[in-house]
4 protein chains.
Amino acid sequence: MKKREVPASVKDERLVKKRRNEMIKGAISLFKQKGFHRTTTREIAKASGFSIGTLYEYIRQKEDVLYLVCDRIYDEVRERMEKDIDTHHGTIESFKLAIAHYFRVVNELQDEVLVMYQEAKSLTKDSLPYVLNKELQMVGMFENILQACVQNGVFELTEQEIQLFAHNIFVLGQMWAFRRWALHKMYTLEEYIELQTDLLLRGILEKRS
Amino acid sequence: MKKREVPASVKDERLVKKRRNEMIKGAISLFKQKGFHRTTTREIAKASGFSIGTLYEYIRQKEDVLYLVCDRIYDEVRERMEKDIDTHHGTIESFKLAIAHYFRVVNELQDEVLVMYQEAKSLTKDSLPYVLNKELQMVGMFENILQACVQNGVFELTEQEIQLFAHNIFVLGQMWAFRRWALHKMYTLEEYIELQTDLLLRGILEKRS
Amino acid sequence: MKKREVPASVKDERLVKKRRNEMIKGAISLFKQKGFHRTTTREIAKASGFSIGTLYEYIRQKEDVLYLVCDRIYDEVRERMEKDIDTHHGTIESFKLAIAHYFRVVNELQDEVLVMYQEAKSLTKDSLPYVLNKELQMVGMFENILQACVQNGVFELTEQEIQLFAHNIFVLGQMWAFRRWALHKMYTLEEYIELQTDLLLRGILEKRS
Amino acid sequence: MKKREVPASVKDERLVKKRRNEMIKGAISLFKQKGFHRTTTREIAKASGFSIGTLYEYIRQKEDVLYLVCDRIYDEVRERMEKDIDTHHGTIESFKLAIAHYFRVVNELQDEVLVMYQEAKSLTKDSLPYVLNKELQMVGMFENILQACVQNGVFELTEQEIQLFAHNIFVLGQMWAFRRWALHKMYTLEEYIELQTDLLLRGILEKRS
DNA sequence: TATGAATGAGCTTTCATTCAT
DNA sequence: TATGAATGAAAGCTCATTCAT
């Protein structure tokens, strides 16, 4: 699925990129504080360092900003994941590392994840599929890792189980961001990583030391 | 923590209750479709079957509707849970039943759960704590069940692990609602219940038949 | 000019009188605090000790309350004036006493005078003449006193001068109420009375002891 | 005491000045007819020649219009006074001229004076002091004139008497506007000026030709 | 006669979007 | 390409008034 294009009046591609970067940065910081709906286009323009008129040279509607922001956040998460993660090792160790790394990325991009998490539903029917697709791609990353492990005989999981497990990992990672009001009081990030990894791997039926 | 009171101009308590029920019902159906911010007070009034003036006899601000809605949804979920769930049995069977029951309740109240899930963040600083507190109470329900199992020697879990596990169950239940765009294509509810229960209990390290 | 009648649905004249008294009392205290426009009919009803429905049994419109209030305040001032003032003596002493008495009445009914003063303009075209007429009657009182003095040879004033002088006295009395923010810091009531009387009588050209 | 600043969204200072002038002009004409409370912001915008949105680019709240109006009226009165009045001559003639001039200014700005007079009380607690302060400054102008006369030995007045006298002049001037319903039937402006000057100066005790 | 729930016109204010400069 | 003044639809909310009980 191709990126949805957000048309700009300005022709200079490099300029568009530059301005949109400023825009996204400004918008994220605002959405963090007050959410998409309570943020005005004027505020976005100001936070981006240009005028309201200029803002509209690079987007058509306010909602475009949200799309751009969501798009960017996913790219950011993906990028950080791909830089350090190997999806085809197929060992427990690599699996654990992948989870730990994902959780740390979520932790670093906590605010961003939260924004996307809470505001994605405000996307129009048009843009939503593009964003959901990106989410599926990320889930797919975990599926690949699990698949490799299964192929290596490390785990024994059906295809269905793999998919669900991948979703679980993805959501349990985000959970660190969207339930921080509860979790951060109870655990440090590293404790959270260890506990979750442990629960995921061994289940709870019986404890082995 | 006591309920936050939403003051009404109308004195007749029974009438207040009745009208607010109509209001909540109307509002949920609107919030489902367009979210809190895109729903106008006039629409809420209309969907509730009375005029805008009357609406404001029963609330002070638009945000009160959201609070009332969230409050109601939690009560609804809790009520259904408490009716059929026994938190002190402490057997695997009762644990499984609790999960299955919770997942089914989420399934029935899918739209409501989704609404609360997506709109709770729009609550004011005032009301948010009350709603979060209700959420913690629900998590507490799962903690109790787990605790009973641990005391019966069925599971071996530390206090920390119990808490996290309870959060996981809670979120994985909600997940059936907020990721339905992906999950409902893959599983029926009963499959989802069985798979999740299985993953939660046995972990994935090794499969036993 | 006859009193403008404010029609009531209730027939019992004594009841109408009683309820309107409560109403006027409540309304004055509210108008003092927030002015006519910022006071709601509900507030008036509450302050009067009955329900909004009942309020409308005794008036037709909100503006009726204002008329009733203005009417009452004038009656109050007049009554207090007439009780203690003799308009036909025609001596300087009686003139001075009249002024002093008037100023003291204004002082006692300060808030009421202020209300009438500030809100009278909100009366409808219908009621305004009745109220202005009452004002002219009060001015007439001072005209009579001055006339008596002139006839006694105490003052030497033309008819035109008498009329203007009467207006001046009337306004300079009210001034104690509507400029209290400035005057009360500078003078006590008695000082104010003495100074004004002195200025009015002797003028300022030359001082005699 | 510095002017209270009314913030505008529009940056161009000259434009702000121009638009606010249009606004003030439109608002005064409306306030004259129906008073501040019965005038809507839309009406103000329309009378000013721009849209409601534009109105709010130049003020924050409706009350700002009232403040701007009151502020302007005082400036207008002051300006006209200062242009033609000499406060330090200290002769009877200059005193008489000052009064006559002031009364003529009130006459010219009759509607404006009336508006300010009747609506000032609707100013918020915030702005009121600024406006009252302007009023005191105007009173101060008369104090100066009187002071000069006293120093020249023309009048014999204590400090207290000067202050009160200045207030009297100020109010008796405004009276020409706010009691015009009565006074204009009785006198022409010039008659009013002459009569008032005469009464103020000589008092009424005895008449000298 | 007294009540107070219901009404909806109408208010102030905001803000996404446009367009002349 | 950049600006920001102008726009007006539409939002949240109030309150005088009515009328069934």
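The values are calculated or read from the model by the stated rules, or taken from the named source; none is laboratory data. Every value quoted in this text rests on a predicted model; they were computed, and no experiment measured them. Here the Cβ is made from the backbone with ideal geometry for all residues, glycine too, and neighbour counts use every protein chain on show. Only protein heavy atoms, including side chains, enter the accessible area calculation; ligands, DNA and RNA are left aside. Shrake-Rupley method; radii C 1.70, N 1.55, O 1.52, S 1.80 Å.
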Legend entry - Filter pass, A:Lys17 being assigned by TED's automatic domain parsing to the domain that holds A:Tyr117, out of contact with any Lys or Arg (no Cβ under 9 Å at 6 or more places or on another chain), open to solvent by 20 Å² or more (accessible area, probe 1.4 Å) and outside any loop (DSSP other than H, G, I, E, B): no
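What residue, among those in region D:120-141 that are within 10 Å of chain C (Cβ to nearest Cβ) and in contact (Cβ under 8 Å) with a residue 24 or more places away in the chain, is nearest to D:Asp75 (Cα to Cα)? First the steps, then the outcome.
First, the residues of region D:120-141 that are within 10 Å of chain C (Cβ to nearest Cβ): D:120-122, D:128-129, D:132, D:135-136, D:139.
Checking which are in contact (Cβ under 8 Å) with a residue 24 or more places away in the chain leaves us with D:120, D:122, D:129, D:135, D:139.
On the way: D:Ala120: 15, D:Ser122: 19, D:Pro129: 15, D:Glu135: 10, D:Val139: 14 Å.
The extreme case among them is D:Glu135.
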Inset, instruction - Could you check, for region B:172-183, whether at least one of its residues is within 11 Å of chain A (Cβ to nearest Cβ), at positive phi and at pLDDT below 95? - result: no
Legend entry - Matching residues in region D:37-50 - criterion: being in a loop (DSSP other than H, G, I, E, B) and more than 8 Å from DNA strand E (Cβ to nearest atom): D:Gly49, D:Phe50
Legend entry - Test: residue in region C:180-198 that is within 26 Å of C:Gly35 (Cα to Cα) and in contact with an Asp or Glu (Cβ under 9 Å, 6 or more places away or on another chain): yes
Legend entry - Whichever residue in region A:87-110 is open to solvent by 50 Å² or more (accessible area, probe 1.4 Å), away from every other protein chain (no Cβ under 13 Å) and not in a loop (DSSP other than H, G, I, E, B) and, among such residues, is nearest to A:Gln61 (Cα to Cα): A:Glu108
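Across region B:19-44, what is the total count of residues that are closer than 14 Å to B:Leu55 by Cβ and without any contact (Cβ under 8 Å) to a residue 40 or more places away in the chain? Write out each step before concluding.
As a first pass, look at region B:19-44 and keep what is closer than 14 Å to B:Leu55 by Cβ: B:19-27, B:30, B:39-44.
Still in the running and without any contact (Cβ under 8 Å) to a residue 40 or more places away in the chain: B:19, B:21-22, B:25-26, B:30, B:39-44.
Of the residues in that region, 12 qualify.
Do you know which residues across region D:57-100 are polar (S, T, N, Q) and either away from DNA strand E (no atom under 16 Å from the Cβ) or touching a residue at least 40 places away in the same chain (Cβ under 8 Å) (or both)? Show your work before the answer.
First pass over region D:57-100, keeping only residues polar (S, T, N, Q): D:61, D:87, D:91, D:94.
Those that are polar (S, T, N, Q) and either away from DNA strand E (no atom under 16 Å from the Cβ) or touching a residue at least 40 places away in the same chain (Cβ under 8 Å) (or both): D:Thr87, D:Thr91, D:Ser94.
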Inset, instruction - Being among the polar types (S, T, N, Q), surrounded by 14 or more Cβ atoms within 10 Å (Cβ to Cβ) and within 9 Å of DNA strand F (Cβ to nearest atom) is the filter here, so list the residues in region A:28-62 that pass it. - result: A:Thr54
Inset, instruction - Scan region C:150-169 for residues that are touching a helix residue (DSSP H, G or I) at 6+ places or on another chain (Cβ under 6 Å) and either open to solvent by 60 Å² or more (accessible area, probe 1.4 Å) or more than 9 Å from chain D (Cβ to nearest Cβ) (or both) and jot them down. - result: C:Ile162, C:Ala166, C:Ile169
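I'd like the residue in region C:15-36 that is within 15 Å of DNA strand E (Cβ to nearest atom) and aliphatic (A, V, I, L, M) and, out of all such residues, is nearest to C:Lys62 (Cα to Cα). Give the derivation first.
As a first pass, look at region C:15-36 and keep what is within 15 Å of DNA strand E (Cβ to nearest atom): C:15-23, C:26, C:35.
From what is left, the residues that are aliphatic (A, V, I, L, M) are C:15-16, C:23.
Details: C:Leu15: 19, C:Val16: 16, C:Met23: 11 Å.
Applying the filter and picking the extreme gives C:Met23.
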Inset, instruction - With respect to D:Glu156, determine if the residue is acidic (Asp, Glu) and farther than 14 Å from D:Arg72 by Cα. - result: yes
Legend entry - Scan of region A:69-86 for residues that are under 13 Å from the mean Cα position of the chain (by Cα) and open to solvent by less than 40 Å² (accessible area, probe 1.4 Å), ordered by number: A:Val69, A:Cys70, A:Asp71, A:Ile73, A:Tyr74, A:Val77, A:Met81
Legend entry - Conditions (1) open to solvent by 10 Å² or more (accessible area, probe 1.4 Å); (2) touching a Ser or Thr at 6+ places or on another chain (Cβ under 9 Å); (3) within 16 Å of DNA strand F (Cβ to nearest atom); (4) of a type in the set (A, V, I, L, M, F, W, C); number of the one not met by B:Leu66: (1)
Legend entry - Subset of region A:3-14 (residues that are surrounded by 13 or more Cβ atoms within 10 Å (Cβ to Cβ) and away from DNA strand E (no atom under 15 Å from the Cβ)): A:Arg4
Inset, instruction - Among the numbered conditions (1) surrounded by fewer than 18 Cβ atoms within 10 Å (Cβ to Cβ); (2) touching a helix residue (DSSP H, G or I) at 6+ places or on another chain (Cβ under 7 Å); (3) more than 12 Å from chain A (Cβ to nearest Cβ); (4) within 22 Å of A:Leu183 (Cβ to Cβ), tell me where B:Asn144 comes up short. - result: (2)
